[in-house]
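Undergrad: Please see the structure below; I have some questions.
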Amino acid sequence: MSAASELFYVPVAIWVAAGVGLLVAYRKSTPRLVLRLAAFFLALWAILATTVLAWVLLNGGVPAVLALVHSPLLLFQIRWARVWLTGALGALAVFTAAFLLNQLVAHGLLRLLPVSEIPWPRDLARPASPTSLLAFDSPEAEAFSFTLLRSGVREGRWPYRHDVILVSRGLRALLTPEELEAVVAHELGHIRGLDGRYLTFVRTLARMMAWDPLLAYLARSLTTREEYRADLDAARMTHRPLALARALYKTLSLPSSVGRRPFPALLRVSGRHGTREAYERIRRLVALAETGAYEGEPVG
């Protein structure tokens, strides 16, 4: 194999290194580092996956798959440089579409939902970055957050990022002020962890590439990790983990027709997996309250 052909191994080597780094950082490091590593890992994986798909389509489908399984080094020959370029352009197109779709949905929600600004919780520190706390008119118990790109100039940045936390009328009526504050703190934990920038994008990408089981697994794992981490951040900000546990339990106790919409909300409790995850979050919050393990830890 020529030296030029060996250059095609570089993306694979970097991808493997990023995967190892992601595994090491998954439990120990800050959410920002983990999500950035995950985004980089997925970018390289998408290039590799779309390149393999393009090569298979150009070389006869099922027979090409069998040939590639028998001799995977076929893909690293210099004569397939155009296929690698096609894979990179295909991955870029998927990334761009996922980003635009994510922003389109977020902006569309603000246009479709009648929203109004509500007071920030009195005992919760407001972030320095542009952040809006909005209520929308829905009887269902919902809360979610996302990050928008705005076209104006703010703090010397164009475009600038604007974080939004949305809570429903039904949730405000269901919860006490302390519980609502805990929910807002949970969503603020997502914002501080850059979930609106990275995790939402990863989930959108996983839906667009539904044929890829690795993407789906990574999106689920990161989502669960970030829910637990945002709960911990909320406990650190409010010093009342039981308030968030009560809020979660109240939403779980609602009739099955209430509080179930396909948004990245406070609870993804549709189905058995979502319910089990919610009860696990409650268990963890109760343990935090009993042990005080969240005290004295930095937020962010």
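Undergrad: Calculate the length of the line joining the C-alpha centroid of region 24-85 to that of region 178-237, in whole Å.
TA: After rounding, the separation between the Cα centres reads 25 Å.
Undergrad: OK, next. Hey, could you grab the Kirkwood Rh for the chain? Inverse mean 1/r over distinct alpha carbon pairs, Å, one decimal. Let's see the in-between values first.
TA: Numbers: mean 1/r = 0.0472 Å⁻¹.
Roughly 21.2 Å, rounded to one decimal.
Undergrad: Follow-up question, since we're still on this one. In nm, give the distance between the simple-model label positions of residue 286 and residue 82, each being 7 Å from the Cα along the Cα-to-Cβ direction.
TA: Between residue 286 and residue 82, the simple spin-label model gives 6.4 nm.
Undergrad: Is the shape of region 144-218 best called rounded, prolate or oblate, per the rule: a/c under 1.5 gives rounded, else a/b larger than b/c gives prolate, else oblate, with a ≥ b ≥ c the square roots of the Cα gyration tensor eigenvalues? It would help to have the intermediate numbers written out before the result.
TA: Working: a/c = 2.52, a/b = 1.20, b/c = 2.10.
Oblate shape, in that a/c is at least 1.5 and b/c is the bigger or equal ratio.
Undergrad: Stretched out fully, how many nm does the piece from residue 173 to residue 239 gain, at 0.36 nm a residue minus the Cα gap? Show your work: numbers first, answer last.
TA: Details: separation 66, 0.36 × 66 = 23.76 nm, distance 2.27 nm.
That pair, residue 173 and residue 239, stretches by 21.5 nm at full extension.
Undergrad: Next up: With a ≥ b ≥ c taken as the square roots of the eigenvalues of the C-alpha gyration tensor of region 115-291, please select rounded if a/c is under 1.5 and otherwise prolate if a/b is larger than b/c or oblate if it is not? List each step's numbers first, then the result.
TA: Working: a/c = 1.44, a/b = 1.08, b/c = 1.34.
Rounded, since a/c falls under 1.5.
Undergrad: Fewest to most neighbouring Cβ within 10 Å: what's the order for 231, 137? Could you put the intermediate results ahead of the total?
TA: Numbers: 231 24, 137 11.
So the residues, fewest neighbours to most, are 137, 231.
Undergrad: Starting with the fewest neighbours, write out 70, 190 ranked by other beta-carbon atoms found within 10 Å of each beta-carbon. Can you show the working numbers first?
TA: On the way: 70 8, 190 27.
Placing the least packed residue first, the sequence is 70, 190.
Undergrad: Please get the size of the charge dipole for the chain, origin at its Cα centre, with Cβ charges of +1 on Lys and Arg and -1 on Asp and Glu, quoted in debye to the nearest 20. Mind dumping the intermediate values first?
TA: Details: 34 positive and 23 negative charges, 62 e Å.
The dipole magnitude comes to about 300 debye.
Undergrad: Taking the beta-carbon count within 10 Å as an exposure proxy, list 160, 217 from fewest neighbours to most.
TA: On the way: 160 16, 217 11.
Ascending number of Cβ neighbours within 10 Å: 217, 160.
Undergrad: Apply the Karplus curve 6.51 cos²θ - 1.76 cosθ + 1.60, θ = phi - 60°, to the phi angles in region 67-73 and return the couplings in whole Hz, x for Gly and Pro.
TA: These are the phi-based 3J(HN,Hα) values: 5, 5, 5, 6, 9, x, 5 Hz.
Undergrad: Take every Cα pair under 8 Å in the chain that's 6+ residues apart, average their separations, divide by the length, and report that relative contact order as a whole percent.
TA: Details: 382 pairs, mean separation 46.1, N = 300.
Relative contact order comes out at 15 percent.
Undergrad: List, in order, the whole-Hz ³J(HN,Hα) value for each residue of region 195-204 obtained from phi through the Karplus relation with A = 6.51, B = -1.76, C = 1.60 and θ = phi - 60°; use x for Gly and Pro.
TA: For region 195-204, the Karplus curve yields 4, x, 8, 10, 5, 4, 5, 4, 5, 5 Hz.
Undergrad: Kindly express, to the nearest 10 degrees and within the range 0 to 90, the angle between helix 9-28's C-alpha long axis and the longest C-alpha principal axis of the chain.
TA: For 9-28 against the chain, the angle is about 20 degrees.
Undergrad: Mind listing the long-range amide H neighbours of residue 254? Cut-off is under 5 Å, sequence gap 5 or more, other chains count too, H placed in the peptide plane at 1.01 Å from N.
TA: Close amide H contacts, sequence-distant or interchain: none at all.
Undergrad: Quick check on the chain: of the DSSP beta bridges with both residues there, what percent are antiparallel, nearest 5%? Please list the in-between numbers first.
TA: Values: 13 of 19 bridges.
The answer is about 70 percent antiparallel.
Undergrad: Subtract the Cα-Cα distance of residue 12 and residue 71 from 0.36 nm times their separation in residues, and report this length gain in nm to one decimal. Please list the in-between numbers first.
TA: On the way: separation 59, 0.36 × 59 = 21.24 nm, distance 1.61 nm.
That pair, residue 12 and residue 71, stretches by 19.6 nm at full extension.
Undergrad: Next up: Tell me, what HN-Hα J-couplings in whole Hz come from the Karplus equation 6.51 cos²θ - 1.76 cosθ + 1.60 at θ = phi - 60° for each residue of region 81-90, using x for Gly and Pro?
TA: 4, 5, 5, 4, 5, 4, x, 5, 5, x
Undergrad: Not counting the cut sites, what is the longest span of the chain without GluC sites (Glu not before Pro) that DSSP labels loop and that have at most 16 other Cβ atoms within 10 Å?
TA: Working: sites that count: 155, 295.
Longest run free of exposed loop sites: 1-154.
Undergrad: Once every DSSP H run of n ≥ 4 in the chain is given -39500 (n - 2.57) and the sum is divided by its residues, what mean residue ellipticity at 222 nm do you get, rounded to the nearest 500 deg cm²/dmol? Present the calculation step by step, with values, prior to reporting the outcome.
TA: On the way: 11 runs with 184 residues, N = 300.
Per the formula, -20500 deg cm²/dmol.
Undergrad: Also: Considering amide H positions built from the backbone, and no H for Pro or chain starts, which residues 5 or more places from residue 132, or on another chain, come under 5 Å of its amide H?
TA: Those lying under 5 Å, H to H, from residue 132 are 163, 164, 165.
Read the figures in this text as sums done on the coordinates, not as results from a lab. Source: prediction; values computed, not measured. Glycine also receives a Cβ, built like all others from the backbone with ideal geometry; neighbour counts cover every protein chain displayed.
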